[in-house]
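S.K.: Submitted below is the structure of interest, expressed as structure tokens.
Since every read-out is calculated from the coordinates, none of them should be taken as a lab result. The model shown is predicted, which means the values in this text are computed figures rather than measured ones. Cβ: placed from backbone, ideal geometry, glycine included. Neighbour counts: every protein chain shown.
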Amino acid sequence: MTFFKNKANSISIIARVLIALIGGFLLANFVAIIISYLPADNVVDGIVTGMMISFIVYTLVVMAVFHTKTAMKAGMWVGSCCIAAYGVMIYIDMVINA
Amino acid sequence: MMIIFFESLLLVFGFTLLSLSLPRHYSQVYNERQQLSVRILWRLRISGYILIIASMILAINTWGVALGLVYWFAYATPVTFFLSLVFAFKPRWLAFIPHLFNLICHENTKP
Amino acid sequence: MKPRFRQSMNWLHTWAGFSFGWLLYFIFITGTVGYFDSEIDRWMKPEISVVNHLENQNEILTIGEQKLEALAPESPQWYISLPASRTPFVKIQWLQLANAETNTPRDWHEKFIDINTGETKEIRSTAGGETLYRMHYNLHYVPELMGYILTSLATMLMLISLVTGIVIHKKIFLEFFTFRPKKGMRSWLDIHNIFSVLPLPFHLMITYSGLLLLMGVTMSSVIDVRYGEGRENHRKFYNETQKDTKVQQFIDLAPDELSLQSVLNDANLRYKNQKISYIGLIDRGSVDEHYKIWFDKFDGIHLVSALEYRIKDERVEIETSTEKAGSAARVYDLFEHLHEGLFANIYLRWLYFLFGLLGAGMVATGMILWIKKKKKPSQSDKNLVMISIVERINIGVILGLPIAIAGYFWANRLLPLNIEHRIDWEVHSFFIALLASIGFSLFRSIKKIWANLLWFTAIVYMLLPLLNLVTTEHNIVSSIQKNDWLMLGFDLSMIFFGLCFVLAAIIMQSKNSLSPSIIKQSDFKPKTKLALKVD
């Protein structure tokens, strides 16, 4: 385990775990909601598709969070992706309900 | 029943031929002195793939695409598991298989 | 592949795998056993009279109908189970509505019928194979919701372990068949690879489909945002996803002749090659009264659910579902059927069972590898104690689960038939046996745990058919005579598993006797830095 060696890293590890677990869950949900808008006529089918794909997103996010050079970078990436996804969600919602 | 027998046979032969194209397993089965020449390597590899694809076609033909693929994976797994145990403990048992297909000829090996 | 990526994924694989390893092992073992839940049910209810020769279905139906009329005349839903391949007996079921006056709750009831006498039989109150199966996602002793969330979390970590495992396995094709025995850590890694890579399609399928099956709970916020919050909306959503494409046709049956018997005869005529396994009369007495027929079907992944017979516009109409209406729902359905394996015939079912065991082996060898890697002499004293405890609990869990299952079966035969909460006590026995194994491992000398527990497991399984002989009227010989294949299969399987454990115990003991004097590093508490460097 040469990747995380000394004690100072345990804070970094805890941070990554939280970012991966919570941030990943948030991002997976946002992406699922965005995907659910895709089928124009069938919202139920869209929701099912979104939920099924969300697990792949979650896996990739967790892998990415543990790969970045620092926990801070992981946090910034996940944070900005969440904000971007939230923005896309709000935008699509506005367009659909216009 | 016959289909299952042929399916398993194709898989056993196919995976054996494919794995014998690796020097690591080739030297387990035959004399260490026998060198795995490039020509024989490709013969083994291609015929291995052909047999494996044939087993896949047989499965899909018999049971349809969805169930056929399920059965293919379902038979490939125990076959490969069995082969890995044979390679670990009794590799000479597999020596006859390339001879069946006339893919290699060793002057001084017993099949 | 960049070396830092491999390193980071290695770390992730190790810790994602380790953190919920024991729970995943529990899920794998109970789920694997669950593939034979019907067969286990039969053994755990030995009072059931089994039907093996082709009985007259109409006669069985008449008896069932009479009993239902006698026991549940007011019930809106009647079901009759006809003898089928995994359930070779006759069973009636009905729904009892809530009644405020007599203070009875809404509940399902079932009774087994002995067709030799035409009477219902008293069956022992038992948790059955079904509970073992349900434990693999409900867990136990925790609320259902928490069980779902914990299982889903463990499954998510399993998926991450699988993907990172594939990424870090440099020579995944070169080492496909590689197993080098007797080389210590290298052999353990080889075996872990074999258990993981060879059944990889199954592992990926079972893990991903497991996540999908619980996604209605774990990803429920998506439904909340896009469809509606609350139980009612969620139920509506679920019903909409289950909508099938249906095909209707009117048939030549007089509406006043529509009855259980006529429905049975008609379905048998239409589907001569298939065996009817289940027939139901739903919404009895209402305008919407209809009959449903299910078949014993093992030749296709798509489970065509049922035939529905109802009266429409003064004619009799049959409705069949072909597949789900939504395309995403069809994909979900495919994964659901692959996970549950209900479509599998007996041979494929044993293969499912084998793959489940390989999955459990993958988790177990992973845990063993984690422990072995940590047992370096450079560890501090405190860490070595912790690792030693983890190692012991690990063995206690790995062998404890098979022991717990055997304990569950022993409890089914030994618990008195009329104690209160018999079902609960059967499950308690499961966990008591598991805890006892862990307790034993914590206090026994480390060199002896594997061999001792393996011998114990072997004995406890081999004696099950004997227990059956002593406590019931069933035994191996009588099962052959009565063509009771499920009972026979169970008894023989127990002997087979017992023999496997005997083999393992013998191998473990011969390994122990070969190296009696080598002091394990973990037993050594290094006091100075001059600790041995030998691995």
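S.K.: So what J values fall out for the range C:271-288 if you push phi through Karplus, 6.51 cos²θ - 1.76 cosθ + 1.60 with θ = phi - 60°, rounded to Hz, Gly and Pro as x?
M.R.: Whole-Hz 3J(HN,Hα) from phi for the range C:271-288: 10, 5, 8, 10, 9, 7, 10, 8, 9, x, 10, 10, 6, 3, x, 9, 5, 8.
S.K.: Right, next: When the chain is fully extended, how far beyond the present Cα-Cα distance does C:K121 get from C:Y238, taking 0.36 nm per residue of separation?
M.R.: Between C:K121 and C:Y238, full extension yields an extra 38.4 nm.
S.K.: Once Rh for the range A:2-97 is found with the Kirkwood sum over Cα pairs, what is the Stokes-Einstein diffusion coefficient at 10 °C and 1.306 mPa s, in µm²/s?
M.R.: 111 µm²/s
S.K.: Taking neighbour Cβ counts within 10 Å as the exposure measure, how do C:H337, C:H13 sort from fewest upward?
M.R.: Result, fewest neighbours first: C:H337, C:H13.
S.K.: Net charge within 15 Å of A:A74 by Cβ-Cβ distance, Lys/Arg positive one each and Asp/Glu negative one each, not counting A:A74 itself?
M.R.: Taking every Cβ under 15 Å from that of A:A74, the sum is +4.
S.K.: On to the next question. Under the definition of partner shielding as Cβ atoms of other protein chains within 10 Å of a residue Cβ, what is the mean value for peptide B:74-87?
M.R.: 5
S.K.: Apply the membrane-span-like helix rule to chain C: whole DSSP H runs, Cα extent along the own long axis of at least 27 Å, mean Kyte-Doolittle hydropathy at least -0.5. List the helices found.
M.R.: C:144-168, C:346-374, C:381-414, C:422-443, C:485-514
S.K.: Tell me, C:V33, C:V390 in order of fewest to most beta-carbon neighbours within 10 Å?
M.R.: Fewest to most other Cβ atoms nearby, the residues stand as C:V390, C:V33.
S.K.: While we're looking at this one, here's another question. For the residue pair A:L18 and C:N268, what label-to-label distance in nm results when each label sits 7 Å from Cα along the Cα-to-beta-carbon direction?
M.R.: Rounded to a tenth, the inter-label distance reads 6.8 nm.
S.K.: Counting only residues 5 or more places away or on other chains, whose amide H sits under 5 Å from the amide H of C:K324 once H atoms are built in the peptide plane?
M.R.: Those qualifying (amide H under 5 Å, at least 5 residues apart or on another chain) are C:T245.
S.K.: Please find the FRET efficiency linking C:R106 to C:R330, where r is the Cβ-Cβ separation and R0 is fixed at 56 Å, and quote it to the nearest 0.05.
M.R.: 0.95
S.K.: At 15 Å minimum axial length over the Cα atoms and a Kyte-Doolittle cut of -1.0, report the qualifying DSSP H helices in chain A, or say none.
M.R.: Passing helices, by number: A:24-36, A:43-65, A:71-96.
S.K.: Sorted from largest down, what three extents in whole angstroms do the Cα atoms of the range C:333-448 have along their principal axes?
M.R.: 52, 43, 24
S.K.: State log₁₀ I(q)/I(0) for the protein assembly as shown at q = 0.06 Å⁻¹ as given by the Debye formula over alpha-carbon point scatterers of equal weight, solvent excluded.
M.R.: -0.45
S.K.: Averaged over its residues, how many other protein chain Cβ atoms are within 10 Å of peptide C:217-228's Cβ atoms?
M.R.: 6
S.K.: Hey, another quick one. Kindly write out, for the range C:316-321 in residue order, the coupling ³J(HN,Hα) from the Karplus curve 6.51 cos²θ - 1.76 cosθ + 1.60 (θ = phi - 60°), rounded to whole Hz, with x marking Gly and Pro.
M.R.: Each residue of the range C:316-321 in turn: 8, 10, 10, 10, 10, 8 Hz.
S.K.: Consider a paramagnetic label point 7 Å from the Cα of C:I172 along Cα→Cβ; state which residues of the range C:330-364 have an amide N under 18 Å from it.
M.R.: Only C:359, C:362-363 pass the distance filter.
S.K.: While we're on this one: Starting from the range B:1-81, pick out the trypsin sites (Lys or Arg not before Pro) whose DSSP state is loop and whose Cβ has at most 10 other Cβ atoms within 10 Å.
M.R.: Counting only loop positions with at most 10 other Cβ atoms within 10 Å, the trypsin sites (Lys or Arg not before Pro) in the range B:1-81 are B:R33.
S.K.: Using only DSSP helix segments of four residues or longer, with each worth -39500 (n - 2.57), what per-residue ellipticity at 222 nm results for chain C after dividing by its residue count and rounding to 500?
M.R.: Calculated at 222 nm, the ellipticity per residue is -19000 deg cm²/dmol.
S.K.: Taking R0 as 25 Å, what's the FRET efficiency between B:L41 and B:L9 from their Cβ-Cβ distance, rounded to 0.05?
M.R.: My answer for the efficiency is 0.60.
S.K.: So if R0 is 45 Å, what FRET efficiency would C:E473 and A:I56 give, r being the distance between their Cβ atoms, rounded to the nearest 0.05?
M.R.: Computed FRET efficiency for C:E473 and A:I56 comes out at 0.25.
S.K.: If you take each beta carbon of peptide C:169-176 and count the beta carbons of other chains within 10 angstrom, what is the mean?
M.R.: If you average over the peptide's residues, the count of other-chain Cβ atoms is 3.
S.K.: In whole Å, what is the distance between the alpha-carbon centres of the range C:450-472 and the range B:35-111?
M.R.: Here the answer is 40 Å between Cα centres.
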